Amino acid sequence: MAEEKEEQGATFLDKFAEVSAKIGNQIHLRTLRDAFATVMPLYILAGIAVLINNVVFPLFWAKDSVELANVQVWGSAVTLGTLNFAAVILAGVIGYCFAKNKRFDNPIACVVVGISSFVIMMPQAITATLGDYLVATNATDKLADSVKFAVADLGVTMPDGYAMTGATVTGAFSTSFTGANGLFGAIIVGLLTTTIFIKLSQNEHLKVNLGPGIPPAVADSFNVMFPMLLTLSFWGLIAALLSGLFATDLLTLIATGIAAPLKGLMNAGPWAVIIIYTFANLLFCLGIHQSTISGVLAEPILTMLIVDNMATFAAGQPIPQDHYMNMQIVNSFALIGGSGCTLALLLDTFIFSKSKSSREVAKLAILPGLFNINEPVIYGYPIVYNLPLMIPFVLVPDLCIGLTYGLTCAGVIAPCVVQVPWTTPAVLSALLATGMDWRAAVWQVIEIAGAMAIYLPFMRVSERAQAKQAELASEKAE
């Protein structure tokens, strides 16, 4: 009877792993995971620039606002080319990654069509915020000096209590769609565009054969010319219909109708994130990397939230509570030492373990573990298929996510406002992620101590089980 139950349990785990692997390998989700991994250095650089601009530079030039503004041009320029242009870049990278995953022979064309389609879907007229002064030029005398005057001095008749704050302009792009707010639009447009484009490119009737002796780059360009024209024309038609019939655009609809609810789901308390990472870490215990689940279901949305926070922090605005849950909470506070917070297990092993084999593995794993790389622990300790250690491996990150989110909401620690490299060691990662809040670093130390307390009894049970297995194996050998 016990053997039958064990067999049923194994069958369930096998099916669970199989279904999870299929989800993780679905081509659109895999493309999304690959694309975000590719552009991640941009977000990290943007986070460093935001941190230096808003924390480091003011330490040296706090009393000289003019000089401070001059040196902050560096961070603002980096932010403009990374954070504020991230959606446009992502649209192209998604096209490239999708082409690679589909083994399409012209991935660079997918980059071109991805970026172009995304820009086509942007609004052609935006509302610009007016600054303190406007500069006018003489309409008839182009050599005349410009005239500068305050917005408040404009001779515009308006009702009492009202003031001019903005104007509708054309020939400009809003960074709200080229940057963080456009990321979800870039995902949808990028994936749909490349899917349509590759499908059309496989139609032999749409290819232009120029004959032999033509340079490959020219031949490839003509081969995809008509598929590209048709794909971009399709998006142009969608843009025209939405503008003419509903006075809106696709990116606005995506931002309000899809992105906002999904972000809200991730931030409606920590529960959605905890559920996803519970299954992801359980999957890791079965030998399949946790990114198969978390990398496609949670990380893109959580990354958008931390990107939003960086932009808000760079603008000197307070972080809204609906952005307290983000990718950096997971990376800095729930993956200490890697998935499962296994740095705590390594420290327990050095201090309390009597198992020679466990201590040897810990010696090999501690250096990569300090930089949140823990495959040596997962497969060498092992945690894979080790039931006693599977329990804290799944439980500890969930507790860290929930408690860190709660402390952030309570104002005990500052919200995460900077995306730092996931390999940043503990304490330093908490400081950088929260804009140098020392309380976050203290909390991270408390987390490690608490994780050690949780791991310790399970580690001892695991060592006893391993000793018993070795004893039984020795008896059978005799």
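Summary of computed values
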quantity	calculated
Qualifying residue in region 219-228 (condition: at pLDDT below 70 and of a type outside the set (D, E, K, R))	yes
Only one of PRO58, PRO41 that is modelled with pLDDT of 85 or more, surrounded by fewer than 12 Cβ atoms within 10 Å (Cβ to Cβ) and assigned to a helix (DSSP H, G or I)	PRO41
Those residues of region 173-205 which are of a type in the set (A, V, I, L, M, F, W, C), open to solvent by 40 Å² or more (accessible area, probe 1.4 Å) and either at pLDDT below 75 or in contact with a Phe, Trp or Tyr (Cβ under 8 Å, 6 or more places away or on another chain) (or both), in sequence order	PHE173, ILE196, LEU200
Qualifying residue in region 225-232 (condition: assigned to a helix (DSSP H, G or I), surrounded by 15 or more Cβ atoms within 10 Å (Cβ to Cβ), in contact with a His (Cβ under 9 Å, 6 or more places away or on another chain) and among the β-branched types (Val, Ile, Thr))	no
Failed item, numbered, when CYS110 is tested on (1) farther than 30 Å from LEU51 by Cβ; (2) free of Cβ contacts under 8 Å to residues at least 40 places away in the same chain; (3) open to solvent by less than 60 Å² (accessible area, probe 1.4 Å); (4) not hydroxyl-bearing (Ser, Thr, Tyr)	(2)
For TYR385: the one exception among (1) crowded, with 18+ Cβ neighbours inside 10 Å; (2) on the phi > 0 side of the Ramachandran plot	(1)
Search result, residues across region 339-356 that are surrounded by 24 or more Cβ atoms within 10 Å (Cβ to Cβ) and assigned to a loop (DSSP other than H, G, I, E, B)	THR342
Condition check for VAL461: modelled with pLDDT of 90 or more and either among the hydroxyl-bearing types (Ser, Thr, Tyr) or surrounded by fewer than 21 Cβ atoms within 10 Å (Cβ to Cβ) (or both)	no
Selection from region 231-250 of residues that are among the aliphatic types (A, V, I, L, M) and at pLDDT 90 or above	LEU232, LEU237, ILE238, ALA239, ALA240, LEU241, LEU242, LEU245, LEU250
Residue within region 368-380 that is more than 22 Å from GLY287 (Cβ to Cβ) and among the acidic types (Asp, Glu) present	no
Inter-residue pairs, beta-carbon under 8 Å, first more than 11 Å from GLY182 (Cα to Cα) and in region 246-261, second aliphatic (A, V, I, L, M) and outside any helix (DSSP H, G or I), 6+ apart	ASP249/MET121; ASP249/MET122
The one condition in (1) open to solvent by 10 Å² or more (accessible area, probe 1.4 Å); (2) assigned to a helix (DSSP H, G or I) that ILE329 fails to fulfil	(1)
So THR79, is it within 15 Å of GLY179 (Cα to Cα), in a helix (DSSP H, G or I), among the polar types (S, T, N, Q) and at pLDDT 85 or above	yes
Residues (over 10 Å from SER332 (Cβ atoms), open to solvent by 40 Å² or more (accessible area, probe 1.4 Å) and not in a loop (DSSP other than H, G, I, E, B)) located in region 395-442	LEU395, LEU399, LEU403, LEU407, CYS409, TRP438, ARG439, VAL442
Members of region 61-99 that are open to solvent by 70 Å² or more (accessible area, probe 1.4 Å) and under 21 Å from the mean Cα position of the chain (by Cα)	LEU80, PHE85, TYR96
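Table: residues versus (1) within 21 Å of the chain's Cα centre (by Cα); (2) outside any loop (DSSP other than H, G, I, E, B); (3) modelled with pLDDT under 90.
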position	(1), (2), (3)
SER358	no, yes, yes
ALA362	no, yes, yes
ILE373	yes, no, yes
TYR385	no, no, yes
PHE393	no, yes, no
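The values are calculated or read from the model by the stated rules, or taken from the named source; none is laboratory data. Because the structure is predicted, anything quoted here is derived from the model rather than measured. Ideal geometry is used to build each Cβ from the backbone, glycine not excepted, and the neighbour counts take in all protein chains shown. Ligands, DNA and RNA are excluded from the accessible area calculation, which covers all protein heavy atoms including side chains. Shrake-Rupley method; radii C 1.70, N 1.55, O 1.52, S 1.80 Å.
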